[in-house]
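Report on the structure given below.
The values are calculated or read from the model by the stated rules, or taken from the named source; none is laboratory data. Every value quoted in this text rests on a predicted model; they were computed, and no experiment measured them. In this analysis, Cβ positions are derived from the backbone assuming ideal geometry, glycine residues included, and neighbour counts consider all displayed protein chains.
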Amino acid sequence: MGYQMHSPPENGKASGDIAARIRDLVPPNTFDIVHINCGLHDLRREPGQDWPRRSQHEYGASLRSIFEYLAANVGSVIWATTTPVDETLHGGIDMPRWYESDVLTYNRLSVELANDYGFRINDIHSRLSEATERLFLPDGVHFNDAGNQLIAHHIATSILQVA
């Protein structure tokens, strides 16, 4: 049996952006399986701010909206946790910052909510948590080709387990 894959051409950005566009990204009853993640843009801290871009409450509300829609319109949903960040590699005084403690907090919240909806979990964070800087680009947030190949492998494996 062949499978058709679809990925939006642009980055989904923060959970609120995805919640606002989920019906366009995933038209009703179009896909059998959806593998989805959002979070890294939510927990980014802008220069001079001591808090994430979106609070945990806002993040949770956006996820609930996304999850409600997906639960009603998709056969199987796989929620992927947010990837780790290496704080030692990224950031300057006037650059956004990401903190691993925020990643862990937002991942816990997202997994709780995904479990409430009966979604499968692809814990990419745990699978990459032993990753060293050899998988990161110099910013400590994005991954190089080897890191992206490893992420793609984990995504494909999780989808094939459902298919």
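Selection of segment 1-31 for residues being more than 19 Å from residue 82 (Cβ to Cβ) and β-branched (Val, Ile, Thr) yields 26, 30. Per the listing 2, 12, the residue uniquely at pLDDT below 95, part of a loop (DSSP other than H, G, I, E, B) and surrounded by 15 or more Cβ atoms within 10 Å (Cβ to Cβ) is 12.
Restricted to segment 30-61, and to residues that are polar (S, T, N, Q) and under 22 Å from residue 158 (Cβ atoms), which residue is surrounded by the fewest Cβ atoms within 10 Å (Cβ to Cβ)? It comes out as 30. The residues of segment 62-103 that are buried (at least 16 other Cβ atoms within 10 Å of the Cβ), aliphatic (A, V, I, L, M) and outside any loop (DSSP other than H, G, I, E, B), listed by number, are 63, 66, 70, 77, 78, 80, 103.
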